[in-house]
Each structure stands twice: as structure tokens, then as C-alpha cells.
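Remarks on the structure that follows.
The values are calculated or read from the model by the stated rules, or taken from the named source; none is laboratory data. Just so we're clear, the structure is a prediction, and the values are computed from it rather than from any experiment. Cβ sites come from the backbone with ideal geometry, for glycine too, and all protein chains shown count toward neighbours. Accessible surface areas use protein heavy atoms only, side chains included; no ligands, DNA or RNA. Shrake-Rupley method; radii C 1.70, N 1.55, O 1.52, S 1.80 Å.
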Amino acid sequence: MRPEGAVPWPEDLARVYRAAGCWRDRPLGSLVWEWAERRGDRVAVVDGGHRLTYLDLALRSDALAEGLAGLGLAAGDTVLLQLPNRWEFVVVTLACLRLGVVPVMMLPAHREHELASIGAHVGAKALVVPDGWRGCDHQELARRVADALPGPARVLVVGDEVRPGCVDVRALMRRGGDPGRRRRRLDERAPDPSDVAVFLLSGGTTGVPKVIGRTHNDYEYNFRRCAEVCGFGPDTVYLAVLPVAHNFALASPGVLGALHAGGRVVLLPTPRPEAVFAAVEAEGVTATSAVPAVVLKWVEAAGSCGRDLSSLRHVHVGGSVLSPEVAARIGPALGCRLQQVYGMAEGLICYTPADAPDEVAHATQGSPISAYDELLVVGPDGRPVPPGEPGELLTRGPYTPRGYFGVPAQNAVSFTPDGWYRTGDLVRITPGGDVVVCGRVKDLINRAGEKISAGEIETLVQEMPEVAEAAAVAVPDPEVGERVCLFVRVRPGRTLTLDDVAGALAARGVAAFKIPERLEVLDELPHTPIGKPDKKRLLDLVAAGGR
Ligand code: OOB
């Protein structure tokens, strides 16, 4: 069954993608047994003291899949999945995939507003939540959301304190029965690989996220290609520290890419440097991924951590702009190579190669992972810009769906009639074919009619030795409309004044109208749940008159 409202690819292109081997027509749930057959007794998932082999994963996922079916869940039904980075996340996801139940990848930080509106939008039949997490009573929250949904919805709980009326997920995973018969029954009912496998949420920092249906076919290709580009194999030990519900840590290549390659996944529910460095040392981690704000903290803390980080080969950094200056510090500080990644829940992923020269790895966001990705850089008139010039990136391809789920009016804005997704990102393509992200098309500050790109200012300011992290936003002004307000976190032991910023930018030959006219130094910049600069909260701070 296909959830109504998912937008498929045109038939002729679907044929091309199949013939090219991008789409393999295998339901994602069936991979669990393929993996288990090849490497059953190898450890697949590590979560603190818990170690699950590939066979454990397959057996538990099947048991849970059968348990979910017993609750009345069937292929095409949707479930809000809100779990932190714990081993149960992997089993619940695989169980859903096995059954064709579509998990909606909510973040642990989401609350009633997001759960209720997205739950209603997808017609969720259940919520899967922890009993409690970081001071939030998720059972209570899920109960309230379930009661307010238009249709009936079950609350499934992972934890020790499952309340009456809720379903104990761990008990469902432990059920007895004949695993062979269970496996055959689930194989017979396997979903169609062209159907939606997971619903991802768009990464926008304003409004409720949009829902993106990713099919079994397109998502398998997504993590398989990312894993290849990142050189993942059986010796890979991947550390997941960003929320695993996010496309980056889930499948780019992330958890699913590492498992597909036969590696091992280590789950950590926090990106705090001490916890990360301890896990790298204890588990011999070879690769991990982070947003720039997180990797910056690692760079600052690595020198004094006293841990052996020598197993680390690659760190994947993406999600928001990484300045070349910060990029250059990552390798020396962590003793590994940097791979930049420019990706989106909507599809397209670009990576710098695992062995890229520094000028590519430090100053670009890499090239598309698929030869079938199409990229078009257009000006405000919608026409392609001359090669090398900045413009908005439009994209299509074998793992970039043709629309958001169930919002035709939004799709008419976000997608062109011939299926290009308008990323809203301002990019340029280097002569070597690499993408450089320059900012957001709409993230412009309009000072007396002069358009100033926030991204451009942020990149320049990040190069100052005093600056750890910077974000530029518009502050309304009666005279010139908007002025540039700069928010900065300074490096330990440093100070920064507006004059310092103005002087540094003027020395770089930056036009006077672009120079920030207000500076706010904060101990921490606000971030979205995944760790990107939260411009909406910064604008709220501006409106509130400062901090
Ligand atoms: C990842 O996915 P989303 O869906 O949370 O956000 C996508 C948006 C992009 O359109 C772009 O605006 C921004 O995040 N972005 C970057 C970037 N990578 C993503 N902006 C500048 N530089 C980069 N390297 O963020 C995501 C998904 C998969 C892999 C990596 C990131």
C-alpha cells in the first residue's frame, strides 16, 4: 500500500534508474536477513553495555514486526517514531521496514506542536516513544498527542516504566515462537520497494517541518552510495552522535550505510566532547558525522582530552556552512581527514571524496554521490547562470523525490513543473565540479535596497581568530529598512568588539554597506535540534532587544 499523497518519479526515469542499478527493487526490511546470513555473529550495534549481533538484530526486528502486526498495524500505516540514539531505535526502524509500516522520523526534541500536527498530517496510527528522556515525560506527552489525533492511535513505549494503556516495546521484541516460520510469513508480506519506506522531516528552521516520503528503492541507493563514497566496509566502526532520526546520521551513510557495509554502529545519545572521545577510544571508532557547531567543540577540546583518537580516519561535517578556516583546523586537531557533506532530507547528497586534496576538502562541499543526480544553478529569473556564478540550486535525481507528502500547493512552490526541487540554497559550482554553498537564497539582509548575504558575512567573520561561531541576521531599522546584526560566540579567553569586526572586514576589502552594525556576544548561539544555527530564535532575540 502507498500512503496517499506521496509523489512518485515519472515511469521513464524509473526505468532508467532501475537499468542503471540505482534501484534494486529489494524491500529494505529484507536486508536485515541478508546482513545476518553473511555475518550473523558479528557485532552490529553497540549502545553502552548493550552489544547486538547482526543475528540479534534480525531476530528482534522480526519479533517486533510480528508484535506490531498483532496490534493491527499493517503496510502503509504510519507511526511517529521518537526515540533517542539507543539500540531500540534501530530495531524499531527495521521492524517497521520489514512490515511496510512507515516510521516518521521525529527528533527527541520535538514536542506537542510538532507531534500533533505531523501526526494528524500523516494519519499516524501509533507513537513510539521512550518512557522519559532528558526531563520530559514522553509517555504523558504521547498520550496527550494520541488522544487529540483525529483517528485512534496506540502509544508504544521503550523503557522500564511502561504505564497501563501503553504497549511495552521491549516485551514485543522478546516474544517466543518459531523464528523460521515468522521470517517466512514476513517475507511473504514484504512491501513493494517502490513504496514509501520512511518519512523524513525537512530541515527548515521556520514553521512545522514538511514530510518527505523516501521509498525503499531510493533510500537504499542513498545509503549504499554514501557508504561507497566514504569507503565504508566491514572494518568501519561508525559513531552516531547526531540524532539518528536525522537523514545525516541515519543514512548518509550513517547507521544504515555502516550496517549495509558490514561495519559496526556505536550509538551515543550526546555529542559532548568527553563522551565522544571516550567512545572513540573504547570502540576504535573509524568514522563519525557532525554539524559544524558540534565539530567545533570537538576541535576546541581535543588537545586536552587525554584520549587515544588514533582509530578515527574520517569525520563527515555538514548540515550548515563550515568556513574554510575552521575546516582546516579539524584534521590536525582530531588526527583524521575531513569529508564535507552537503545534504538534505529531500534527497541530494554531495560529498568531498575520502582522499580529497585539502583545497577541495576545506573549501568545497563536494560533488553529488550519483552520476544520475542533476544540478542546475539558476538566477532570480529562473535561467541558468554562467558557469561558476552563484545562484539557486535546483536538483533532480534517483533519490530526490518529486514532492512533499500531501501538500500539493506547497509542492507547486518548492518544485518546478518538470520535477526539479528548489533547494533555496545559494551555491556556485567550481571548475572542478564541486559545490560551494554560499548561503540561503532568502537569507538576505536588505539594507537600503542593497542585498547582503548572511552566509557571506558569516564565512568572513568566522575567519577572525577571536571567533568560534557566528551568525548574521537582519535587525529592522526605520532609516535603512534592515541592518546587519552579528551574533558571535568567541573563542575561550578572547574578546571581540564591533570595531574589531568592522576593521577585519574592511581590511579584507568588504563593501562598507555589508559591515555589521550591531554585535551581540553570546556564551552559546541557539541551535536547532540537529545543531544548526537557529536563525528564528536569533531574530526573536533581536526583537526582544538583545539577549
Ligand atoms: C541536512 O539535511 P536537512 O534536511 O536537515 O537540511 C538541508 C539543508 C540544505 O538545504 C542546506 O540549506 C543546509 O541544510 N545544508 C548545508 C550543508 N549541508 C546542509 N548548508 C551549508 N553547508 C552544508 N555542508 O542537513 C543533511 C542531510 C544529509 C547529510 C548532511 C546534511
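A few remarks follow.
- Cα convex hull of the chain, projected area averaged across orientations, nm²: 25.1 nm²
- In terms of its C-alpha gyration tensor, segment 235-293 comes out oblate, because a/c is 1.5 or above while a/b does not outweigh b/c.
- Relative compactness, segment 1-123, computed as alpha-carbon Rg over 2.2 N^0.38 Å: 1.21
- Prolate/oblate/rounded label for segment 19-86 (Cα gyration tensor, a/c 1.5): oblate
- Whole-number percent relative contact order across the chain, with pairs defined as alpha carbons under 8 Å at least 6 apart: 11 percent
- Helix 54-70 axis, angle to the chain major axis (alpha carbon atoms, nearest 10°): 70 degrees
- Protection proxy ranking of 282-293, 81-92 - average other beta-carbon atoms within 10 Å, highest first: 81-92, 282-293
- Debye, to nearest 20: dipole size of the chain, +1 on Lys, Arg Cβ, -1 on Asp, Glu Cβ: 1180 debye
- Of all DSSP beta bridges in the chain, antiparallel share, percent nearest 5: 60 percent
- The chain: angle of helix 273-283 to the longest principal axis, Cα-based, in degrees nearest 10: 50 degrees
- Helix-only mean residue ellipticity at 222 nm for the chain, each DSSP H run of n ≥ 4 adding -39500 (n - 2.57), per residue, nearest 500: -10000 deg cm²/dmol
- Amide hydrogen proximity for residue 438: with H placed 1.01 Å from N in the peptide plane, the residues at 5 or more positions away or on another chain lying under 5 Å are 426, 427, 428.
- Each residue of segment 441-458 was assigned a 3J(HN,Hα) from its phi angle through the Karplus curve 6.51 cos²θ - 1.76 cosθ + 1.60 (θ = phi - 60°); the sequence is 4, 8, 7, 10, 9, 9, 9, 6, x, 7, 8, 10, 7, 4, x, 5, 5, 4 Hz, with glycine and proline shown as x.
- Cβ-placed point charges (K, R +1; D, E -1), dipole of segment 162-320 about Cα centre in debye, nearest 20: 600 debye
- Rounded, prolate or oblate (a/c below 1.5 giving rounded, otherwise prolate when a/b exceeds b/c) for segment 194-270 by Cα gyration tensor: oblate
- Helix 498-507 vs. the chain, principal-axis angle (Cα, 0 to 90°, nearest 10): 80 degrees
- Close amide-amide hydrogen proximity is noted between residue 154 and 126, 127, each under 5 Å apart and 5 or more residues distant or on a separate chain (H modeled in the peptide plane; Pro and chain starts excluded).
- Distance between the C-alpha centres of segment 328-349 and segment 36-56: 27 Å, rounded to the whole angstrom.
- By a 1.4 Å probe calculation restricted to protein chains, residue 184 has an accessible surface near 140 Å², given to the nearest 10.
- Rolling a 1.4 Å probe over the protein heavy atoms of the chain, with every protein chain left in place, gives an accessible area that is 53 percent carbon and sulfur.
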